[in-house]
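The values are calculated or read from the model by the stated rules, or taken from the named source; none is laboratory data. All values derive from a computational prediction rather than experimental measurement. Reconstructed Cβ throughout: ideal geometry from the backbone, glycine too, with neighbour counts over all protein chains shown.
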């Protein structure tokens with residue numbers, strides 16, 4: 001039965017004598033008449049914000065591009081910089097492929113327009129100033145794109161791609177590189193001791209019989225974490241997982257990625273310490289194997305969550 005809304009009128013009437021209405025309903029003016037009718041809520045007139053002019057989503061996107069156009073040189077420069085590795089282009093490509101572009105022909109919702117205007121009103125003075133770092137401005141732009149993408153009905157995972165499309169690797173390495181190296185050193189040292197190798201840990205290095213193997217920046221696992229985040233959003237977008245399932249997949253991916261990177265560092269200890277001789281491509285092959293293993297595990301976890309949601 002459809003939801004209904006009471007409005008004033010004189011059509012099908014209800015009264016204590018005729019609670020269901022019909023031909024024998026009390027006529028207008030009758031003492032038992034309540035002068036009410038019931039209409040479908042779907043056909044009831046909707047209220048709109050006064051002065052609101054519906055704009056297609058592509059026009060809203062074009063407006064945001066015009067506002068944040070000064071960030072383009074920074075984005076191109078950082079993307080081309082070897083310190084970031086242009087990994088954010090993978091996120092941009094995935095977002096372009098998975099976005100429901102047909103929905104951008106339709107008008108943007110009133111709520112999202114109010115939120116976007118409120119954010120612009122609050123952030124525009126800061127964005128116009130020259131003291132705010134470009135990365136912070138980029139995060140504001142990405143947040144506004146998230147709202148617009150969510151309004152067009154994109155899966156939650158696809159809505160998060162604007163953040164990954166920013167050149168963040170160099171900044172993340174500056175703040176998280178050393179703590180991650182400490183974590184990998186402690187974890188791989190513990191794993192090797194469990195396997196019977198008396199390996200000590202000194203800072204970000206593994207010590208064994210006077211030899212020391214350093215956990216350098218590439219072994220911190222930051223790129224693997226970025227790849228895992230990208231793979232998580234791609235898998236969740238393809239499986240159209242909801243917010244709760246996406247959160248669960250993210251936590252699962254985080255534990256898998258940290259674990260795989262610790263195992264990778266423990267495996268690389270043997271060739272780096274001279275206990276095992278590998279060809280020149282051996283180091284990269286071991287890293288690629290664990291990247292492939294992490295990506296496959298994330299895809300399997302996403303498929304499992306999708307199967308559970310369909311039950």
Item checked: Hey, residue 274 over 23 Å from residue 95 (Cβ atoms), part of a helix (DSSP H, G or I) and at pLDDT below 95 or not -> no
Residues of the stretch 71-97 being farther than 30 Å from residue 240 by Cβ and surrounded by fewer than 17 Cβ atoms within 10 Å (Cβ to Cβ), in sequence order, are 72, 73, 74, 76, 77, 80, 81, 82, 83
Checking 157, 108 in turn, the sole residue that is in contact with a helix residue (DSSP H, G or I) (Cβ under 9 Å, 6 or more places away or on another chain), modelled with pLDDT under 90 and crowded, with 18+ Cβ neighbours inside 10 Å turns out to be 108
When the stretch 196-208 is checked residue by residue, the ones that are surrounded by fewer than 16 Cβ atoms within 10 Å (Cβ to Cβ) and either in contact (Cβ under 8 Å) with a residue 40 or more places away in the chain or in contact with a strand residue (DSSP E or B) (Cβ under 9 Å, 6 or more places away or on another chain) (or both) are 198, 200, 202, 203
Taking the condition at pLDDT 90 or above, assigned by TED's automatic domain parsing to the domain that holds residue 65 and under 23 Å from residue 233 (Cα atoms), does residue 180 pass? no
Filtering the stretch 209-243 down to residues that are in a loop (DSSP other than H, G, I, E, B), more than 21 Å from residue 96 (Cα to Cα) and touching a residue at least 40 places away in the same chain (Cβ under 8 Å) yields 215, 221
When the stretch 74-104 is checked residue by residue, the ones that are under 14 Å from residue 154 (Cα atoms) and in a helix (DSSP H, G or I) are 94, 95, 96, 97, 98, 101, 102, 103, 104
Note: among 266, 253, 280, just one is assigned by TED's automatic domain parsing to the domain that holds residue 191 and surrounded by fewer than 15 Cβ atoms within 10 Å (Cβ to Cβ), namely 280
Boolean, residue 248 is touching a helix residue (DSSP H, G or I) at 6+ places or on another chain (Cβ under 9 Å) and at pLDDT 95 or above
yes
Expected single match for in contact with a helix residue (DSSP H, G or I) (Cβ under 7 Å, 6 or more places away or on another chain) and within 17 Å of residue 227 (Cβ to Cβ) among 285, 294, 300 is 294
(message) It is to be established whether one or more residues within the stretch 229-243 are over 30 Å from residue 154 (Cα atoms), in contact with a helix residue (DSSP H, G or I) (Cβ under 7 Å, 6 or more places away or on another chain) and surrounded by 17 or more Cβ atoms within 10 Å (Cβ to Cβ).
(response) no
Is it true that residue 147 is farther than 22 Å from residue 78 by Cα and in the same structural domain as residue 273 (by TED's automatic domain parsing)? no
Checked against (1) touching a residue at least 24 places away in the same chain (Cβ under 8 Å); (2) in contact with a helix residue (DSSP H, G or I) (Cβ under 8 Å, 6 or more places away or on another chain), residue 274 satisfies every condition except (2)
